[in-house]
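The structure appears below as structure tokens.
The values are calculated or read from the model by the stated rules, or taken from the named source; none is laboratory data. Model, not experiment: these values are computed from the prediction. Methodologically, a virtual Cβ is constructed for each residue, glycine included, from the backbone with ideal geometry; neighbour enumeration extends over all protein chains shown.
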Amino acid sequence: MKRLVILGAGTAGTMVAAKLRPRLAASDWKITMIDQEPTHYYQPGFLFIPFGIYTPDDVVKPKADFIPSGVEYIEAEIDLIEAGENQVKLADGTVVEYDYLVIATGTSIRPDETPGLEGPEYGKTIHDFYTLPGAKALAEAIRFWEGGKLVLNIVEMPIKCPVAPLEFIFLADAYFQDKGLRDKVELTYVTPLDGAFTKPIAAKHLGNLLEDKGVNLEPDFYLERVDSDEKKLVSYDEREVEYDMLITIPLNMGADVIGRSGLGNEGNFVPVDSKNFLSKQFDNVFAVGDAADLPTSKAGSVAHFAVEVFTENFLRHIEGLPMLEEFDGHANCFIESGHGKGLLIDFNYDTEPLPGKYPLPGIGPFTLLRETEMNHWGKMMFKWTYWNMLLRGKPLPLPHEMLMAGKIDEEV
Amino acid sequence: MPVTTIGGREVHIDDEGFLTEYDEWSEDLAKELAANIGIPELTEDHLRVIAFLRADYKEQGETATLRRVSAVGGIPTKTLFQLFPKKPARKMSYVSGLPKPAGCI
Ligand SMILES: Cc1cc2nc3c(=O)[nH]c(=O)nc-3n(C[C@H](O)[C@H](O)[C@H](O)COP(=O)(O)OP(=O)(O)OC[C@H]3O[C@@H](n4cnc5c(N)ncnc54)[C@H](O)[C@@H]3O)c2cc1C
């Protein structure tokens, strides 16, 4: 009997289990999943909670509902991965041995890594929306806010769902307009990147969106510390931005257990072959989802395309066959832009987001790099798709590789 | 890839001027590149950052982030901002003859 152990039962780990269980004979393979949290979060929904569009009920379900039948589930904190010994130690001391390991422990925010960010003001004048408690506290704070300087800051790249901060600022603009407060609110977007959109064609199409919505842009801002008494951000080159309400996207790091186990880079992300997710250190260890150090967006949609490629490769790898399918870094992200509209971008390791139609060339129904109502509905439909299709491992009618059909390859 | 002449030598660059061939770089070339972006002199400290970046790239196949230069290379981020003002990530990769760090959309 062989044993596959999957660390993390979030988006990627659950999809891996759902895809592999039917493909690995129950008589030959035991599959075990380990996660510390009883709740599965639909994280894309966190974005909507501060604005009262979703309630917490929309984004939580018991993890147990998504563990495929025939898969063993252990609820425990993973303490150490001893990859040299092919075993994992849990916090209570239990040792779980494996033949193959899939690391899917994701990434989480680390406000403690920036001086002054985590302190008595966290949850009062400093907020995040990357966790459910953060998004809930922010919903309360925003509801009673009478206006002032609202500043959104991305501490450092990479972050999961790199478009979520932009969506937040677009939704904030719409929210304060609807409340009749927009003229009392100054919105500022502070980013370490050199612009809101850094790829030339996306920048050409979307570059003016912030300006159109009256949002100030503060690019190339690399945060050193937060002065929460004076309410200001201070960068490494001593620039300052004042706020009344700070929305922070703190440093994102992989799980500490990855670092402790000597399997991560400086951000605790697992170095893998970007074409097939095999660890660069161990031939029986893979990392999928946000936990891997792939040079593409950390997003559920990426994890979905990635897991399809992973599944076929894993089945070959365990037979001693060379892995064939190559992951191209395909990412496909809806960007909510406020007032019932949204944008869609589709790209991969090599091709930047281009305009056109998706998924059917010339037809759509979605339009790339343009604000449409249909794109907004696509985003809203994603919640249903997530709970009912993705996590169950059901095939979506979308090819995992990025296609040029339907796209317009234009000059900048 | 376009070819250009820097300091009397022909080198391959991308459309933003970053060198595309690892081996076409030299310390003399780095001085020219630095001058192009307003860094008049390459000090020992500059050269230490460049040496780390080039060695790390050779091993990892990608340009180190500011966090990596400070965590693994031991050079504090504050220093990087002093050596390569305003846009250290971009400037240090440019002078080191490496691809610019990956951006976003
Ligand atoms: C605000 C926000 C908006 C987003 N919007 C979108 C969007 O619109 N579209 C999109 O595609 N993606 C979006 N994402 C990103 C998406 O949610 C993630 O990319 C995706 O969930 C990653 O899946 P994962 O399995 O890699 O990690 P996760 O789903 O985070 O799962 C990791 C799991 O590992 C467990 N774990 C970690 N460490 C340990 C340990 N030591 N012991 C035991 N268990 C452990 C955790 O409990 C967790 O269950 C968004 C994310 C956020 C925060």
Legend entry - Qualifying positions in the range B:71-85 - more than 7 Å from chain A (Cβ to nearest Cβ) and over 14 Å from the mean Cα position of the chain (by Cα): B:73, B:74, B:75, B:76, B:79, B:82
Inset, instruction - State which residue is farthest from the other protein chains (Cβ to nearest Cβ) when the search covers only the range A:322-341 and only residues that are within 15 Å of the ligand (Cβ to nearest atom) and in a loop (DSSP other than H, G, I, E, B). - result: A:327
Inset, instruction - Output yes when any residue across the range B:88-95 is within 8 Å of chain A (Cβ to nearest Cβ), in a loop (DSSP other than H, G, I, E, B) and modelled with pLDDT under 95, and no when none is. - result: no
Inset, instruction - Give the residues of the range A:269-282 that are free of Cβ contacts under 8 Å to residues at least 60 places away in the same chain and either farther than 25 Å from residue A:325 by Cα or within 12 Å of chain B (Cβ to nearest Cβ) (or both), sorted by residue number. - result: A:271, A:273, A:280
Inset, instruction - State whether the residues of the range B:24-39 include one that is modelled with pLDDT of 95 or more, among the basic types (Lys, Arg) and surrounded by 13 or more Cβ atoms within 10 Å (Cβ to Cβ). - result: yes
Inset, instruction - Go through A:133, A:44, A:50, A:111 for me and flag whichever is without any contact (Cβ under 8 Å) to a residue 40 or more places away in the chain and either more than 14 Å from chain B (Cβ to nearest Cβ) or away from the ligand (no atom under 15 Å from the Cβ) (or both). - result: A:133
Inset, instruction - Please list, ordered by first then second residue, the pairs with beta carbon atoms under 9 Å, 6 or more apart or interchain, first in the range A:55-66 and over 23 Å from residue A:140 (Cβ atoms) and of a type in the set (D, E, K, R), second away from the ligand (no atom under 12 Å from the Cβ) and at pLDDT 95 or above. - result: A:61/A:387; A:65/A:387
Inset, instruction - Look through B:67, B:54 and report the one residue that is assigned to a helix (DSSP H, G or I), more than 16 Å from residue B:14 (Cβ to Cβ), within 11 Å of chain A (Cβ to nearest Cβ) and in contact with a helix residue (DSSP H, G or I) (Cβ under 9 Å, 6 or more places away or on another chain). - result: B:67
Inset, instruction - Determine the pairs where a residue that is farther than 12 Å from residue B:82 by Cα, located within the range B:36-47, has a partner that is of a type in the set (A, V, I, L, M, F, W, C) and in a helix (DSSP H, G or I) with Cβ atoms under 6 Å apart, the partner being 6 or more residues away or on another chain. - result: B:42/B:34
